[in-house]
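The values are calculated or read from the model by the stated rules, or taken from the named source; none is laboratory data. Owing to the predicted nature of the structure, the values given are computational and were not obtained by experimental measurement. Please note: Cβ atoms are built from the backbone with ideal geometry, for glycine as well, and neighbour counts cover all protein chains shown. In case anyone asks, the SASA skips ligands and DNA or RNA and just uses the protein heavy atoms, side chains included. Shrake-Rupley method; radii C 1.70, N 1.55, O 1.52, S 1.80 Å.
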Amino acid sequence: MFTLIIEDKQGVVVDEYSFEDGEFIIGRSHQADIVLQSDNVSRRHARLFTQDGKCFIEDLKAANGIWLNGKRIYNTSELPKSAQLRIGDFFLHLEGASQPRTVNNVIYARLVPLAGSIGVATDLSQPTVLVGRGKDCGIVLHDVSVSRIHAKIAKLPDGRLTVEDLRSSNGTFVNDRRVENQELAHGDRLRFGTVAFAFQVEGLPAVATEDLQQSGQGGRLIPPPTAPRSPLPPPPNAPMAPSALLAPPRSVLPQVALVAVIAVAAVCLIVLVGIAYDKWMASRASPQAPAAQEKPAPQPDAAVTRLDRGQFDLLLTRGQDAVARRQWDEAQDLFEKAKKIDTIHPRPTEALNLINREKRNGAKFAQAEAAFSRHDYEAAIAANKSISQDSVYRPDANTALEAIAGLLEMDGDTACIAKDWIKCQNLYLTAISTDFAKAEVNAKYAKAMKKHR
């Protein structure tokens, strides 16, 4: 078992992974298995993999390289136990298990999927279980609302059971309340994104998922009423008290009827008060008031049913996930469906405007990459610089411009050595136009100008 702990440059732990085997791509791209959001991390920076019980790191020709225990490494290197890697602004600490862990097969809890939710009933026996969409999780949930490493369920040494959200996109919920770290109890409603389970503690009565209350009781199981404990049982053949013989059987029907009557009376009173208040306010209003009244702000469509509202929220969640993965056509389709359900809500319209803008920026970035592949650096520079500053493609465009500036500088150095001063000047000047050329390129350009004279 290996554990990978990731810290930022301030020493704050931002993520943690546990795995026994597998292969993981580390990089800035959202398609990477381990995402490190920093401009000095390449989109595909490194490959972490296991083989024969050992862990290895491979440099995928990243611009800023990989540093292992303070020394830069190249190609593929085996990682020793307690290794420290530096990738960009991040420090990655790899810990290997010093001795085999004993497998604890004692089941302490169980997750039971609720009606309409994906997943299967799962027994929990390990002290720590990861939940997510990734293949390295103990509980794998194939749903777009679930992050790759979403949450962690743990049994603490003192016996308490907890769930911890691992910086997931769509949150972890206990009894429909979003939590960061929460102690769990028998019958809790536990939800990862939109995937919901009933949490059962082993040894307690099984939870009937239809008995979970989604309102009023916070999702926790309501225990059935228990009969009051009686004193010690009477001895065999003991005569029954006369009062017990004469007393009529007790019933709860009168109490239930009384509660129902009070509830109906309260509802009627609230309705009457509301009607009287509306009439009183209407009588005090000025005849010209409606004409001078400002137009009310648009509100969510009141005609949307509760079922439609749930579908609407699910479409927004899945659309946001598609945006994070830059799947623009999929995201556009999801937000258009959401807009058909609620035509007033501003969120789908805002998302569709963003998607159209990012699709244009994505097309420009594709043009820049095509121009770069055919060595048309001026066209690549122009396309990359035309991308919006707030676009998700902006960091990729800046990295490309920095790389182009470096290539042009090297070509300019070669031309200067050959004393082709005009070509040398043009290459340096093009490198400067990227806005990412090093400061010494300006000095090299000035020197080439003097040589040409």
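In table form, for the structure just shown:
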quantity: Evaluation of residue 414 against (1) within 28 Å of residue 61 (Cβ to Cβ); (2) of a type in the set (S, T, N, Q); (3) surrounded by 18 or more Cβ atoms within 10 Å (Cβ to Cβ) (one fails), failing number; calculated: (3)
quantity: Check on residue 433, within 30 Å of residue 146 (Cβ to Cβ), among the small types (Gly, Ala, Ser) and modelled with pLDDT of 90 or more; calculated: no
quantity: The listed residue being closer than 19 Å to residue 361 by Cβ, of a type outside the set (S, T, N, Q) and in a helix (DSSP H, G or I), out of 427, 401, 408; calculated: 401
quantity: The range 152-191, residues that are in a strand (DSSP E or B) and over 21 Å from residue 313 (Cα atoms); calculated: 152, 153, 154, 155, 161, 162, 163, 164, 181, 182, 183
quantity: Enumeration of residues in the range 124-165 that are in contact (Cβ under 8 Å) with a residue 60 or more places away in the chain, touching a strand residue (DSSP E or B) at 6+ places or on another chain (Cβ under 6 Å) and open to solvent by 10 Å² or more (accessible area, probe 1.4 Å); calculated: 128, 130, 136, 148, 149
quantity: Single condition residue 437 does not satisfy, out of (1) assigned to a loop (DSSP other than H, G, I, E, B); (2) more than 19 Å from residue 64 (Cβ to Cβ); calculated: (2)
quantity: Qualifying residue in the range 325-340 (condition: in contact (Cβ under 8 Å) with a residue 40 or more places away in the chain, under 22 Å from residue 36 (Cβ atoms) and surrounded by 15 or more Cβ atoms within 10 Å (Cβ to Cβ)); calculated: yes
quantity: The one condition in (1) free of Cβ contacts under 8 Å to residues at least 40 places away in the same chain; (2) of a type outside the set (D, E, K, R); (3) under 25 Å from residue 195 (Cβ atoms); (4) open to solvent by 60 Å² or more (accessible area, probe 1.4 Å) that residue 353 fails to fulfil; calculated: (3)
quantity: Some residue of the range 382-400 being in contact with a Phe, Trp or Tyr (Cβ under 7 Å, 6 or more places away or on another chain), farther than 22 Å from residue 45 by Cβ and either open to solvent by 90 Å² or more (accessible area, probe 1.4 Å) or touching a residue at least 60 places away in the same chain (Cβ under 8 Å) (or both); calculated: no
